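Reviewing the structure listed below.
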Amino acid sequence: MPAADDQVPVALDVAGAVYDRRLWPHGAPGPHLPRLEQVIRAWHTRTVAVSDLVLVAQRGLPQALGRDGDALLAQYGRVLEDDDAPNRLLELARDEGRHVLLRKHRESARRRHSWIRQRHELFHTWESGGGGVRIVPLPAHPPAPARPPGGRRSGAQELAAFRALGLDLNLPSHREILNTEWRCETDRCEYAEAHQGVLLVWPEVRDDRAVCPGCGEELDEVGPRRYTREVRVFVMEDRKDGKGPRERTLLMFPLEADVPVVLGRGPGVVNLAVEVAPPYIDRVSRSHLLLRLAAEGSVRVAWATDLGSTNGSRHAQRKSGSLGRPVDMTAKREYQFGFKDRIVLANRVWMEITDRKFVLPMHMPESGDPADIRPTATTTYTEPPSA
Ligand SMILES: [Zn+2]
């Protein structure tokens, strides 16, 4: 229904606001309602007219905001839940002449709505700086990625590992993509099912844009990554020349501070049943191991918990350079483990947190040495936050 004549009709991108880590609580993962308030307040500061506000949310998002998420949102305006919220926002602008407040245009929506270039005065976004949150015009075109010549060379091994994803670590724009956390909003994409769509694996890159390795759709930016290390999952395979076993990497993925991930098989977890996986990956349980990275100031601690897997997990500690014998992990107990320690799942699949430095923390000084890891008391297992 169109707004009354004396009101300014506005539609607001709820997901873009509540997941925007540039807004308070700064850097915190997950959706936060106060971020929506800050954007709405900034809008009211900008315009003296009364607004007729429609809040457009991806289906399921209100529930992610809390038990009474619907009611919490409804105090600000009319709530529209939609399976394709980015498209719905643009339809409201086209059909009702609504102003739209959104984080950014999605590439898929931009393709379907070529008219937005002619009506760019309807689109606004927000900035966060020293003076608080401000509403500014949203450009119809994304800024061209910076591509300075040359750049520091990375190691050949690191380059090879990312080349398959379309990532060139020599390009600052691609390193920026790695330093950013992403979300997939595609309905029923298996990568979108965990943590409200937050991508638990590295994105792929096409034409300098981050795309989902699951569904191929362009990803939405969540915000800068917090302290992030890379986890490598590998298996031991016999060499054909009989020279003993060799490590074969199955999967690498980012582990970000305060974003716990579950390793296992299937949707909603970091899935070890990748294309190149050997058949015995079936011995890994669906939800096998919970990994968690905590970063407070310069103290970074990694924790691992076997979630009661069928074939168990074992922990091998590294002491003065050499790896100790793997020790059985008690199910549902949280173990602290050092970078370069190893954990073996179901006696066959190994994982470690690598010491590679190509993802640079943006909010914390990097020393990244195992010396950062200070011993703390072993804690008992607590339930992981439900996704
Ligand atoms: Zn996807």
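Every number in this text was worked out from the coordinates using simple rules, so none of it is lab data. Bear in mind that the values here come from a model prediction, so they are computed numbers and not experimental data. All Cβ positions, glycine included, derive from the backbone under ideal geometry; neighbour counts span all protein chains shown.
Count Lys and Arg as plus one, Asp and Glu as minus one, and take only other residues whose Cβ is under 13 Å from that of His124; the net charge is then +3.
For the range 156-222, the alpha carbon convex hull comes to 77 Å³ per residue, rounded to a whole number.
A viscosity of 1.002 mPa s and a temperature of 20 °C, combined with the Kirkwood radius over C-alpha pairs in the Stokes-Einstein formula, give the range 228-372 a diffusion coefficient of 136 µm²/s. Pairs of Cα atoms in the range 8-137 fall into 10 Å distance bins, from 0 up to the last occupied one, in shares of 13, 47, 35, 6, 0 percent. Per the Cα gyration tensor, the range 234-307 maps to an equivalent ellipsoid with semi-axes of 27, 17, 10 Å, ordered largest to smallest. A protection proxy built from the mean count of other Cβ atoms within 10 Å ranks the segments 84-95, 228-239, most packed first, as 84-95, 228-239.
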